[in-house]
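The next block holds one structure in the form of structure tokens; read it before the comments.
The values are calculated or read from the model by the stated rules, or taken from the named source; none is laboratory data. From a predicted model like this one, the values you see are computed outputs, not experimental measurements. Here the Cβ positions follow ideal geometry from the backbone for every residue, glycine too, while neighbour counts run over all protein chains shown. In case anyone asks, the SASA skips ligands and DNA or RNA and just uses the protein heavy atoms, side chains included. Shrake-Rupley method; radii C 1.70, N 1.55, O 1.52, S 1.80 Å.
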Amino acid sequence: AAVLALVAAAASIDRSSAFALSRPAAAPHCFAPPASSTYVHSSRRNAVVLHMSTATAAPSGTRSIAPPSGALPLALKKPSKTLTVCLEYDASADDNASDVTSSDFATLSMQLRKVKAGAIFTTDIAALAEFAQEQESARGDFPGPCPVVYCGTVDGIADAVSAGASAVVLGPDSIDKAADIKGADVIWEVKSVDDVEAVLAVQEAADSFLVGGDDIEATIAALPGKTSCAIGTVQAMQDDEAEITEGRNLKKAGCASVFIRRAIVGDAEDLGYAQFAIGGLTSKASSEFNFSGLTGSANGHFGGIASAGKGNKWKRNMSLDMVANSAFGNALEEIEETEEIEESQERKETMASAEETKMEDDDEEVKEEEPEILASAEEDVEEEVEKSDKEATSEPELIEALKDVESEPAPEPVVEPEPELVSKLSDAAKYFLSSSGLRKNIPEAEAKNAASTVKDREDAARRELEPRIERLGIGADEEEDA
């Protein structure tokens, strides 16, 4: 009876104002919003789903924001309550991503659809255009196209929509930009109940939310009705498959979909990781399984990978660890070289000081022996005077000369000046040496400049690691070490 009622209702709709999910010729992207607030969506053959959406009045002083098409919840929120998995393509995470061709993107896009990716997110507009074009080519096939979402800065929204974005991600601080978006839905990024209320104040029918913050359950509870779709966020390739556990916890909190950041970067592990993550989050079985056979184009991009068990270390992460360890090792090596040079200089100075002390001791011994030497010389002179009268006139002068004889001190050893090492040191080494007291003669200006540079790097590292620190529960007393 319910099916008959739906069919009857569908038959009564004015077909000129109805919107089928099949893409109109003029629409530049997948999942285009309808021209009317009433449309018919055919998600499966012989099935008709009705969706009613009406615009709400915007608050005074705020431009009207078009109601959502409703396509995103249909794509990302399954009636079976099985999680859908959205994957982010982040070319900045891989140095070889610039080598990816249009053919590579087409292959990757097709394979992501086949492994049942819920949506593809990216900040790269060029990549977005490639994904959107390939996904559109699958319209009418099974599986059909998945949404392609732009999650970059607001400055790129217009270009992203023109390139074929199905939706764009906006935060409450960018509400004023939403009215300018034509031809794409909005996924609202909210991190608190206040954020949700701010969004609903300007778009009461908002139905797609990227949730985060300290109290995700409260934020999800504030979302409107059962038709809205909550999308949680996790980081890719965590130790011990932590993203799978986090994703399942997000499902328990009320999320219908999970967005995995930096899941795809343009390397040979992309498809392997995509299948692993989607399988681990959507299957009730253990996520420890083997898979193979997924291959990218001939040049090796987006290839498959076999197995990803507990504690598995993805090669992508191993390469990043090697880079980090290499940088740290270079800094330590530089400091060690500096210490060796300083130790060598100290040894030279110590040896020079010891030689100088020895020479001073020798001078003292000579001075102590001088009276005896002079007395013996006087006796010898007297004997010579007696033997030869011819030399008598010179004897007094000789005696006087011998009396005045003093041992001249040995010249002080010349210590080689210290090499000009300071200018060749990195900021990290200068900061380490000037702050630890191992080397106090680093110019003050260079020491201050090094300290400032190191602090900027530390702040940048702290910002990057803060989400991981919070997730791992590291206390304030251990944060500095982290």
Handout entry: Per-residue SASA entry for Val234, accessible area with 1.4 Å probe, Å² rounded to 10
Key = 0 Å²
Practice task
Could you list which residues have their amide H under 5 Å from that of Thr227, counting only those 5 or more apart in sequence or on another chain, with H placed in the peptide plane?
Solution key: none
Handout entry: For Gly152, distant residues with modelled amide H under 5 Å away
Key = Val169
Problem - Karplus 3J(HN,Hα) series, Hz, for the range 241-250 with 6.51 cos²θ - 1.76 cosθ + 1.60 (x for Gly, Pro) - result: 6, 4, 5, 5, 5, 5, x, 5, 5, 5
Practice task
Report the full-extension gain for the segment Thr227 to Ser283: residue separation times 0.36 nm, less the Cα-Cα distance, to one decimal in nm.
Solution key: 17.8 nm
Fill in the blank from the handout: The percentage of the accessible area of the range 141-218 (probe 1.4 Å, all protein chains present) made up of carbon and sulfur atoms, to the nearest whole number, is 46 percent
Fill in the blank from the handout: Counting only DSSP loop positions in the range 208-288, the GluC sites (Glu not before Pro) whose Cβ has at most 15 other Cβ atoms within 10 Å are Glu288
Handout entry: Column: log10 I(q)/I(0), Debye, Cα scatterers of the range 200-278, q = 0.13, 0.14, 0.22 Å⁻¹
Key = -0.46, -0.52, -0.98
Handout entry: the range 235-279: proportion of alpha-carbon pairs further apart than 12 angstrom, %
Key = 61 percent
Fill in the blank from the handout: Karplus ³J(HN,Hα) for the range 121-132 (6.51 cos²θ - 1.76 cosθ + 1.60, θ = phi - 60°; Hz, whole; x = Gly/Pro) runs 9, 6, 9, 8, 5, 4, 5, 4, 4, 5, 4, 4
Practice task
Would you grab the residues whose amide H sits under 5 Å from the one on Asp267? Only those 5+ places off in sequence or on another chain, please, with H modelled 1.01 Å from N.
Solution key: Phe302
Completion exercise
For the range 89-187, listing trypsin sites (Lys or Arg not before Pro) in a DSSP loop whose Cβ sees at most 14 other Cβ atoms within 10 Å gives Arg139, Lys182
Completion exercise
At R0 = 35 Å the Cβ-Cβ FRET efficiency linking Ser174 and Ala445, nearest 0.05, sits at 0.25
Fill in the blank from the handout: Of 163-170, 219-226, ordering from highest average Cβ density within 10 Å down gives 163-170, 219-226
Completion exercise
Given a Förster distance of 30 Å, the FRET efficiency implied by the Cβ-Cβ spacing of Glu379 and Lys348, rounded to the nearest 0.05, works out to 0.05
Practice task
Would you mind checking the radius of gyration and Dmax of the range 124-233 based on alpha-carbon positions, in Å?
Solution key: 14.6, 41
Practice task
Filter the cross-link list Lys78/Lys191; Lys114/Lys226; Lys78/Lys177; Lys116/Lys226; Lys251/Lys284 down to pairs whose alpha-carbon distance in this structure exceeds 19 Å.
Solution key: Lys78/Lys191; Lys114/Lys226; Lys78/Lys177; Lys116/Lys226
Practice task
Per residue of the range 339-347, in order, report the coupling 6.51 cos²θ - 1.76 cosθ + 1.60 (Karplus, θ = phi - 60°) as ³J(HN,Hα) in whole Hz, putting x for Gly and Pro.
Solution key: 5, 5, 4, 5, 4, 4, 5, 5, 4
